[in-house]
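In what follows, a single structure is set out as structure tokens and then discussed.
The values are calculated or read from the model by the stated rules, or taken from the named source; none is laboratory data. Remember, predicted model here, so these are calculated numbers, not experimental data. Here Cβ is always computed from backbone atoms with ideal geometry, including for glycine, and neighbour counts include all displayed protein chains.
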Amino acid sequence: MSDATGVGLARGEEREIQALRALCDEDVEPVERALSSVGARRARPVSARREDEITVAVRQACSDQDGPRLRSLLAPDATAFFDSGGKIRALTRPVRGDEQVARSLLVLLAEQRRVTLCTGSVNGRTGLVARCDDQVAAVLTLDIADSLVVQVWAVLNPRQAA
């Protein structure tokens, strides 16, 4: 099966997508997320070392508030998902495109005296951890393919991130 997005789906993936569509009725965001994830997983992966280097470069660009540098690390069709668990204000729809994703990350991670951004282990991979007064405020993971960030997953609810 090939979905309208052009992503070819394996039999198990096809069933997952159909089940999501049945559960979601009119709300297609979970289906969009699933399809994006399938596409990102199929893209050419990079080595763990290269992933670490790119994640560190993203952290530095965010810390320096360097929009052009950050954009250069993002795929032109990059997508960012922000999950606050409904506990704090956050974007409710995915952000698409390198310029919009870069702008969203720079606003989210704007340098403030009490906020620090560092790399750390997130789900077994190198990710970004934003802390405010030593409390985890956000955790970000990056899906990287062909040495560019294709997806950003930001968990903004400290309870979910802990």
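The residue list A57, A80 contains one member that is at pLDDT below 95 and either under 18 Å from V155 (Cα atoms) or in contact with a helix residue (DSSP H, G or I) (Cβ under 8 Å, 6 or more places away or on another chain) (or both), which is A80. Looking across region 106-122 at every residue that is touching a residue at least 40 places away in the same chain (Cβ under 8 Å) and not hydroxyl-bearing (S, T, Y), the one that is surrounded by the most Cβ atoms within 10 Å (Cβ to Cβ) is identified as L109.
Just one of R125, R49, R103, R89 is surrounded by fewer than 18 Cβ atoms within 10 Å (Cβ to Cβ) and at pLDDT below 85; which is it?
Details: R125 fails: at pLDDT below 85; R49 fails: at pLDDT below 85; R103 fails: at pLDDT below 85.
The conditions single out R89.
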